[in-house]
Amino acid sequence: MKKIILGADHGGYELKNIIKSHLESKGFDVIDVGTNDAQSCDYPIFASRLCKKIQSGDSELGILVCGTGIGMSMAANKHRGIRAACCSDTFSARLTRLHNNANVLCMGARVVGAGLAIDLVEAFINAEFEGDRHIKRLSLIEDIENGKEL
Ligand code: RB5
């Protein structure tokens, strides 16, 4: 079964739950790291829970939702091996898989509506990394992660 991890803060949990229903209806095994209510919380905690699950191999892909998607992407990208992309258009959501091999899609519930959010998710999960010339560029990002001078 295809697996995916979802996470959100108080600004994103309703959209996260809409995405969850959509993915479950498509046969995905969804791991939900919360949050699950409107109680104010801190997005880095949920970004980190999700990223640690990707790092440990529980799933290859994750989706994070906060108000803008920006805080989630900033927090997620601090984790080794995580390539998070904050997207609000389907072209970017597709290309970030094809070219950047993004493993986390971030979006803002105050930026995109439910319909566009589902399109973003579909664009993201249905695209495959193209490899080729992009491999070297991703290994340069790893070099940055390892403190190497480029
Ligand atoms: C929470 O108010 C808000 O700052 C958060 O959801 C997100 O937009 C941060 O980037």
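All of the numbers you see were taken from the coordinates with simple rules; none came from a lab. These figures come from a predicted structure and were not determined experimentally. Heads up, the Cβs are rebuilt from the backbone with ideal geometry, glycines too, and the neighbour counts pull from every protein chain shown.
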message: Whole-Hz ³J(HN,Hα) for each residue in region 78-92, computed from phi via Karplus 6.51 cos²θ - 1.76 cosθ + 1.60 with θ = phi - 60°, x for glycine and proline: what do you get?
response: 7, 9, 4, x, 8, 10, 9, 10, 8, 10, 9, 9, 5, 4, 5
- request: Would you grab the residues whose amide H sits under 5 Å from the one on Cys86? Only those 5+ places off in sequence or on another chain, please, with H modelled 1.01 Å from N.
  value: Cys106
- prompt: How many nm separate the modelled label positions at Glu128 and Asn36, each set 7 Å beyond the Cα in the direction of the Cβ?
  reply: 3.5 nm
- request: Evaluate the distance, in nm, between pseudo-label points positioned 7 Å from the Cα of Ser21 and of Asp89 along their respective Cα→Cβ axes.
  value: 3.0 nm
- request: Take the chain, drop everything but the C-alpha atoms, weight them equally and run the Debye formula without solvent; then report log10 I(q)/I(0) at 0.16, 0.18, 0.19, 0.20 Å⁻¹ to two decimals.
  value: -0.79, -1.00, -1.11, -1.23
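Using just the alpha carbons, could you tell me how many Å³ per residue the convex hull of region 24-98 encloses? Please report the intermediate quantities before stating the final value.
Working: hull volume 8.5 nm³, N = 75.
Measuring per residue, one finds 114 Å³ for the Cα hull of region 24-98.
Hey, could you grab the Kirkwood Rh for region 81-150? Inverse mean 1/r over distinct alpha carbon pairs, Å, one decimal. Spell out each step's value before the answer.
Working: mean 1/r = 0.0783 Å⁻¹.
With all distinct Cα pairs of region 81-150 included, I get 12.8 Å.
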field: Simple label model, 7 Å out from Cα along Cβ direction - Leu140 to Met1, nm
entry: 4.1 nm
- prompt: For Leu98 and Glu149, what is the calculated FRET efficiency with R₀ set at 30 Å and r taken between the beta-carbons, to the nearest 0.05?
  reply: 0.55
